[in-house]
Amino acid sequence: MPKNYLIDMDGVLVRGKAPISGADTFIAQLEERGAKYLVLTNNPLWTPRDLSYRLSFSGLAIPPERIFTSALATARFLHSQRPNGTAYVIGESGLTDAIHGIGYVITDQHPDYVVVGETDTYNFAVFTKAVRLIQEGARFIATNPDSSGPTEHGIVPACGALAALFEAATGKKPFFIGKPNPLMMRTALNYLGVHSEDTIMVGDRMDTDIVAGVESGMETILVLSGVTRREDVDRYPYCPTWILDSVAEIEV
């Protein structure tokens with residue numbers, strides 16, 4: 001049987017809207033050989049259906065059920081902790097849809113949680129409200145710790161950078177759900193119905209993708225098509241199983 005794959009999206013399959021060379025062939029091989037796979041992204045901006053549609057314009061035919069985001073993992077965590085709760089949410093439709101999907105109410109009136117994702121609109125009044133709610137006792141959750149992410153035009157600020165603002169203002173650290181938290185990896189493995197020993201994690205970041213795979217007991221492939229350079233690898237106390245230039249070199 002072929003191995004199963006958890007595959008990061010940004011920097012591995014696409015860079016912004018631009019496809020990475022060979023990504024379409026890699027996905028086609030997975031489908032052809034019947035391998036189970038999941039595109040596992042810390043990006044909480046869009047729903048799996050939105051991402052599937054966006055990826056189609058990059059020449060990648062990936063159905064929504066093969067996409068799992070940090071927003072979905074966050075929603076599942078909230079449901080497991082406090083079913084039918086309430087949250088004040090800073091994020092876009094990918095996060096708000098996931099939160100509503102578990103039966104949560106989004107409110108600024110005494111919420112159980114303040115949930116921070118990523119947003120294209122920086123609103124000082126919204127940020128101030130979040131700071132005050134956290135100070136008043138709302139539990140502080142963030143979808144992912146990435147401080148930046150790659151696009152076709154260069155890096156952009158991501159959830160980790162935004163969460164740092166609230167941490168600095170409140171003195172309270174967020175609980176990050178996305179990679180490298182093994183919680184997201186286990187949630188994804190359960191969603192896919194596979195075991196870590198039979199699964200390979202493919203990513204472009206040593207500090208999220210590769211360490212998450214290592215801590216979850218998976219083999220790992222670092223691709224150099226994203227933010228990590230080959231000379232960066234030796235700075236870490238762990239190493240990937242394989243280092244490749246891109247997913248085009250993976251033999252499924």
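Each other residue within a Cβ distance under 14 Å of Ala212 adds +1 if Lys or Arg and -1 if Asp or Glu, for a net charge of -4. Couplings for the stretch 64-80, taken from phi via the Karplus curve 6.51 cos²θ - 1.76 cosθ + 1.60 with θ = phi - 60°, read x, 5, 9, 10, 10, 10, 5, 5, 5, 5, 4, 4, 5, 5, 4, 5, 6 Hz in order; Gly and Pro are left as x.
Each other residue within a Cβ distance under 12 Å of Asn144 adds +1 if Lys or Arg and -1 if Asp or Glu, for a net charge of -4. About the centre of its Cα atoms, the chain shows a dipole size close to 680 debye [charges on the beta carbon of Lys, Arg (+1) and Asp, Glu (-1) only; nearest 20 debye]. In the chain, a dipole from Cβ-located charges (positive for Lys and Arg, negative for Asp and Glu) runs towards its positive end, and of Asn4, Tyr104, Leu45 it is Tyr104 whose Cα lies farthest in that direction. Within the straight-line cut-off of under 28 Å between alpha carbons, the lysines reachable from Lys36 are Lys3, Lys17, Lys179, sequence neighbours fewer than 8 places apart in one chain being disregarded. Under 20 Å between alpha carbons, and skipping anything fewer than 8 positions from Lys172 in its own chain: which aspartates and glutamates qualify? Correct list for Lys172: Asp108, Asp112, Glu118, Glu136, Asp146.
Compactness ratio of the stretch 8-122: Cα Rg over 2.2 N^0.38 Å, N = residue count?
Ratio of Rg to 2.2 N^0.38 Å for the stretch 8-122: 1.18.
Based on DSSP H segments of at least four residues, each scored -39500 (n - 2.57), the chain has a per-residue ellipticity at 222 nm of -9500 deg cm²/dmol. Placing +1 on the Cβ of every Lys and Arg and -1 on the Cβ of every Asp and Glu, with no other charges, gives the stretch 82-176 a dipole of roughly 440 debye about its Cα centre. The overall shape of the stretch 82-176, judged from the alpha-carbon gyration tensor, is oblate: a/c is not under 1.5, and a/b is no greater than b/c. Taken about its Cα centre, the stretch 1-150 carries a charge dipole of roughly 240 debye when the Cβ of each Lys and Arg holds +1 and the Cβ of each Asp and Glu holds -1. Relative intensity of the chain on a log10 scale, I(q)/I(0) at q = 0.07, 0.13 Å⁻¹, equals -0.23, -0.78, per a Debye sum over C-alpha point scatterers of equal strength in the absence of solvent.
No value in this document is a laboratory result; all are computed from the given coordinates. These numbers come from a predicted model, not from an experiment. Positions of Cβ are generated from backbone atoms using ideal geometry, with glycine treated the same way; all protein chains shown enter the neighbour counts.
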